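Q: Take a look at the following structure, please.
The values are calculated or read from the model by the stated rules, or taken from the named source; none is laboratory data. Values in this document were obtained by computation on a predicted structure and should not be read as measured data. Cβ: placed from backbone, ideal geometry, glycine included. Neighbour counts: every protein chain shown.
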Amino acid sequence: MHDYDYDPGRLASFADVLAGELPGGWSSSYQPPEHKDDLAELADRVWDMDLVAASLVEHPIQHAAVLTREDGAQLVVLDRHDKRDGFLIAGAAPRDVPGEAFRGIREPDGIALSDDPFLSAESVAGDLLARYDAALAQVRRNATDLSHGPDTARISQPERVVLTWQEDGSLAAAPADDTAAAVLIANGFVNDEETGAYRLSGDDTAAQARAVRKAGVQFAALGIATALQHPAARTAPPASTPAMPPSSTRPSGARTR
């Protein structure tokens, strides 16, 4: 079991200043620990299968700040747990978009920030925002194509792999083809012959985080979209999970689309 230390005032204040420094008109809102359902939904929308996803494997969201732009785009600011001062930030996948719209789109993975909101704003504007806006625009185009029906949609992607949290802290995935299955196996997932799913143990969460991060990179290289999410019946990762997506659906805890 982990002992989570969080400073709501520090996170909220940082996010408020950061929002005011970003281009495009952003506002900030704080999600406290008691908003468990909102935090679980937010974790599923974290659009990342790299640094932030790896952090979420070991440190489920206890609180967060959400930056919202005038056009509805959102960024999620989280605590950093690597013994360095600062925070993590990732894009949030849009709501009310069909999962198919995320296929084949690489996650706009988040970045680590210092505890200086002014320098951090420069990092976000010069790095994360460009990738996030590009991915967001493609998802919205895909969603528009899909809304016109299968005859007009022109989305070319091989597959989407969803990693779903289990009550015991493990992750489960059901790949659609042998290529995706091979990536999972290479990163420690074990096939459950009874269900056909592939499971990654949560006994060693540091190893689990590394495996998720590595698999996300390999899936992206293959053009396979990914998502990290909680099952529908679950509102948040249990506090007893030893030691997380993804999009996406979001997306994926951290989630990739």
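Q: All but one of (1) more than 16 Å from Thr226 (Cα to Cα); (2) modelled with pLDDT of 80 or more; (3) of a type in the set (S, T, N, Q) hold for Asn187; which doesn't?
A: Status for Asn187: all satisfied but (1).
Q: Scanning for something surrounded by fewer than 16 Cβ atoms within 10 Å (Cβ to Cβ) and polar (S, T, N, Q), does the stretch 16-35 turn up at least one residue?
A: yes
Q: Then there's this: Take Ala64 and tell me if it is closer than 14 Å to Ser27 by Cβ and touching an Asp or Glu at 6+ places or on another chain (Cβ under 9 Å).
A: no
Q: Could you please find all residues in the stretch 156-181 being under 20 Å from Gly223 (Cα atoms), among the aliphatic types (A, V, I, L, M) and surrounded by 14 or more Cβ atoms within 10 Å (Cβ to Cβ)?
A: Selection gives Val161, Val162, Leu163, Ala173, Ala174, Ala180, Ala181.
Q: State which residue is nearest to Ile224 (Cα to Cα) when the search covers only the stretch 13-37 and only residues that are assigned to a helix (DSSP H, G or I) and not hydrophobic (A, V, I, L, M, F, W, C).
A: In this case the residue turns out to be Asp37.
Q: May I pose another question? Six or more apart or on different chains, Cβ under 9 Å: which pairs go from a residue in the stretch 214-235 that's within 14 Å of Glu41 (Cβ to Cβ) to one that's of a type in the set (Ser, Thr, Tyr) and at pLDDT 80 or above? Could you list them?
A: If the second residue must be of a type in the set (Ser, Thr, Tyr) and at pLDDT 80 or above, the pairs left are Ala227/Thr164; Leu228/Thr164; Gln229/Thr164; His230/Thr164; Pro231/Thr164.
Q: Separate question: Take the conditions assigned to a loop (DSSP other than H, G, I, E, B), over 17 Å from the mean Cα position of the chain (by Cα), more than 17 Å from Trp165 (Cβ to Cβ) and of a type in the set (Lys, Arg) and apply them to Arg10. Does it pass?
A: Judged against the criteria, Arg10 is not a match.
Q: Output the number of the condition that Arg234 fails; it satisfies all remaining conditions of (1) surrounded by fewer than 21 Cβ atoms within 10 Å (Cβ to Cβ); (2) under 27 Å from Pro98 (Cα atoms); (3) at pLDDT 85 or above; (4) touching a helix residue (DSSP H, G or I) at 6+ places or on another chain (Cβ under 8 Å).
A: Of the numbered conditions (1) surrounded by fewer than 21 Cβ atoms within 10 Å (Cβ to Cβ); (2) under 27 Å from Pro98 (Cα atoms); (3) at pLDDT 85 or above; (4) touching a helix residue (DSSP H, G or I) at 6+ places or on another chain (Cβ under 8 Å), the odd one out for Arg234 is (3).
Q: Taking His35 as the residue in question, decide whether it is modelled with pLDDT of 90 or more and either under 18 Å from Ala130 (Cβ atoms) or touching a helix residue (DSSP H, G or I) at 6+ places or on another chain (Cβ under 7 Å) (or both).
A: Spelling it out, it is not the case that His35 is modelled with pLDDT of 90 or more and either under 18 Å from Ala130 (Cβ atoms) or touching a helix residue (DSSP H, G or I) at 6+ places or on another chain (Cβ under 7 Å) (or both).
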